[in-house]
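Peer 1: Here you go, one structure.
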Amino acid sequence: MGSRVGQVAAAAGHAVLVREVSDDILRKGLGKIDAFLQKGVDKGKLAAERKAEVVGRLKGTTQLEDLSACDIVIEAVVENLALKREVYQALDAACPAHTIFASNTSSLSITEMAAMTKRGDRFVGLHFFNPVPLMKLVEVVRSPLTSPESFEAVYEFAKGLGKAPIRATDKGGFIVNRLLVPYLLDAIRALEEGVGSIEDIDRGMQLGCGHPMGPLTLLDFVGNDTTYYIANIMFDEFREKRFAPPPLLKRMVQAGLNGRKSGKGFYDYSQEPPVPMRGLTA
């Protein structure tokens, strides 16, 4: 998501420096931005001059130290606290005192990450939703260490990106995942218990509740491994059954059935339109 956040910030008029772990991944990330914008040009939704303007505000690096001139650093590292600790310790040493750190985590504790740095008062959660250029919502998350000034600065920054920010406190899952994850897990339990088929559970929530996609389709889109990871973090925090990953989800992740990105999940994406996977339940 880091490249997409960079794209949105550049489109809003900010000079953006994108850091990746290797030149190859950096090229791929910047290439994805270019391709996304080119689609807009090809469809007549974006002027070629506008595309060039946005791309011109983007620079790339593989060195964390190069972020020392940034006023805000938005971290989108994989959800691994040990890795994030390494990144934040390097950033803490490289960046001046006024730089605000913002984490795009969807599940990890903002307080725990803030405590890894020497600037807990200038550490905020900034949770974007996928796909970043299209989704309006951003959760701005405060920890007990976050200063009111830093929180409001990041809130206004999110508004300046053209997003619709909402305020959240540092509780597991924040607002959206706190409500969404139990719903998704209950859909899996309904499938396990034979309440309905994959198609009927999805169709029921689409037509009955007006959702743009059913819960099992959404799980495949998000990634079953991602949901499994988030659910485990939330269960560790709350110790409530509604956050516990169902056995079917665990088995699917073990089998590599992670959804769209792996080609199979609750649906088989090797054909168009995708078809429900058979044999997931007895």
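Peer 1: Return yes when residue 255 is over 30 Å from residue 123 (Cα atoms), surrounded by fewer than 19 Cβ atoms within 10 Å (Cβ to Cβ), modelled with pLDDT of 95 or more and not basic (Lys, Arg) and no when it is not.
Peer 2: It is true that residue 255 is over 30 Å from residue 123 (Cα atoms), surrounded by fewer than 19 Cβ atoms within 10 Å (Cβ to Cβ), modelled with pLDDT of 95 or more and not basic (Lys, Arg).
Peer 1: Turning to a different aspect of this structure: With segment 1-84 as the region, which helices (runs of 4 or more DSSP H) entirely inside it contain at least 3 residues that are small (Gly, Ala, Ser) and under 23 Å from the mean Cα position of the chain (by Cα)?
Peer 2: It comes to 2-11, 23-42.
Peer 1: Which residues, counting only those in segment 124-172, are assigned to a loop (DSSP other than H, G, I, E, B) and among the basic types (Lys, Arg)?
Peer 2: 136, 163, 171
Peer 1: Related question: Filter segment 201-224 for residues that are free of Cβ contacts under 8 Å to residues at least 12 places away in the same chain and either assigned to a loop (DSSP other than H, G, I, E, B) or basic (Lys, Arg) (or both) and give the result.
Peer 2: Selection gives 203, 210, 211, 212, 213.
Peer 1: Any idea how many residues of segment 237-252 are over 14 Å from residue 216 (Cα atoms) and free of Cβ contacts under 8 Å to residues at least 40 places away in the same chain?
Peer 2: Going through segment 237-252 one residue at a time, the tally reaches 5.
Peer 1: Let me confirm something: among 94, 10, which residue is surrounded by 12 or more Cβ atoms within 10 Å (Cβ to Cβ), over 26 Å from residue 116 (Cα atoms) and modelled with pLDDT of 95 or more?
Peer 2: Result of the check over 94, 10: 10.
Peer 1: Could you check, for segment 40-57, whether at least one of its residues is in the same structural domain as residue 163 (by TED's automatic domain parsing), in contact with an Asp or Glu (Cβ under 7 Å, 6 or more places away or on another chain) and not aromatic (Phe, Trp, Tyr)?
Peer 2: Yes - at least one qualifying residue is present in segment 40-57.
Peer 1: Have a look at 132, 140, 176, 195 and point out the one that is within 25 Å of residue 6 (Cβ to Cβ) and without any contact (Cβ under 8 Å) to a residue 40 or more places away in the chain.
Peer 2: Residue meeting the stated conditions: 140.
The values are calculated or read from the model by the stated rules, or taken from the named source; none is laboratory data. Predicted model, so just to flag it, every value in this text is computed and none were measured. Cβ atoms come from the backbone with ideal geometry, glycine included; neighbour counts cover every protein chain shown.
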